[in-house]
Amino acid sequence: TGNESNAQLLLNSAITNFENSKTRRPKRIQKNIDCYRLLGEIYVNQQQYLLAEETYGKGILLFEEEQKNSFLKSTPEIGNLYADLGDLDYFISGNMDNALLNYTKATKNEYDDASVNYKIGFIQYAKKDYEQALSAFIKSSQEKSDDKNLLYSLGNVLALRNDDYSAQGYYERLIDILDLE
């Protein structure tokens, strides 16, 4: 409903209730972890990045402990938690190594979307690991085949790998899209 202050209170209350609960079923634990993710996203919207990072960290810690102790299965929401933490590293602190680590964990935990793969590709491209960058960009292009930034990135990484014919194809597709605009 857009009422972040009310949602923040309810999420904090839910986290407290989950922690005080005597029953620890996997579904309840996953919902508890998701509360941390949602609360962290509220903190990001409020530009309270340190609180967001701390909140995401608590959710991840709970997941990793429960995964060791009870073999808790991952869900896309848990993977999204890693991606959200990766976004803080990528956009706010500029720590690309941590961002790459968290994005990789996001994909391993069922959150494998075009945006995450593009960011992985960008980081690998910046590290001059063109093989890994190409792989990530191609995965991203399966969902966003006409994204201009992605087409440009694919063309660049292929050109740097001396695959000029393939690079030309991506550049031409990009030019066609730009001409239409």
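The values are calculated or read from the model by the stated rules, or taken from the named source; none is laboratory data. Owing to the predicted nature of the structure, the values given are computational and were not obtained by experimental measurement. Glycine gets a Cβ as well: all are built from the backbone with ideal geometry, and neighbour counts include every protein chain shown. For the accessible areas, the whole protein counts, side chains as well, though only heavy atoms, and no ligand, DNA or RNA atoms are used. Shrake-Rupley method; radii C 1.70, N 1.55, O 1.52, S 1.80 Å.
Across the accessible surface of the chain, with the other protein chains kept in place and a 1.4 Å probe, carbon and sulfur atoms take up 50 percent.
Under the 0.36 nm per residue contour assumption, what length would be gained going from the current alpha-carbon distance of TYR49 and GLN142 to full extension? Working shown, then result.
Details: separation 93, 0.36 × 93 = 33.48 nm, distance 3.16 nm.
Computed gain between TYR49 and GLN142 is 30.3 nm.
Mind ranking LYS68, LYS119 by accessible surface for me, highest first, 1.4 Å probe? Let's see the in-between values first.
Numbers: LYS68 160, LYS119 25 Å².
So the residues, ranked largest to smallest area, are LYS68, LYS119.
Pulled fully out, how much extra length does the chain show between ASN20 and ASN6, if you take 0.36 nm times their separation in residues and subtract their Cα-Cα distance? Can you show the working numbers first?
Numbers: separation 14, 0.36 × 14 = 5.04 nm, distance 2.12 nm.
Answer, rounded to one decimal: 2.9 nm.
Of all aspartates and glutamates in the structure, those lying under 19 Å Cα to Cα from LYS128, and not within fewer than 8 positions of it along the same chain, are ASP97, ASP163, ASP164. Cross-link candidates for LYS31: which lysines have Cα within less than 17 Å, leaving aside residues fewer than 8 places away along the same chain? The qualifying lysines are LYS22, LYS58, LYS73. When the P(r) is computed for the chain, the part past 31 Å accounts for 29% of the Cα-Cα pairs. Our note on the geometry: Cα centres of the range 105-143 and the range 1-75, 26 Å apart.
The simple spin-label model puts a point 7 Å past each Cα toward its Cβ; for ASP179 and ASP129 those points are separated by 3.8 nm. Remark: the range 1-104 carries a charge dipole of roughly 700 debye about the Cα centre, counting +1 on each Lys and Arg Cβ and -1 on each Asp and Glu Cβ.
Counting heavy atoms of the protein chains alone, SER153 has an accessible area of about 20 Å² for a 1.4 Å probe. Averaged per residue, the chain has 59 square angstrom of accessible surface, using a 1.4 angstrom probe with ligands and nucleic acids left out.
Fully extending the segment from SER70 to SER13 would add 18.1 nm, taking 0.36 nm per residue of separation and subtracting the current Cα-Cα distance. Remark: the chain carries a charge dipole of roughly 960 debye about the Cα centre, counting +1 on each Lys and Arg Cβ and -1 on each Asp and Glu Cβ.
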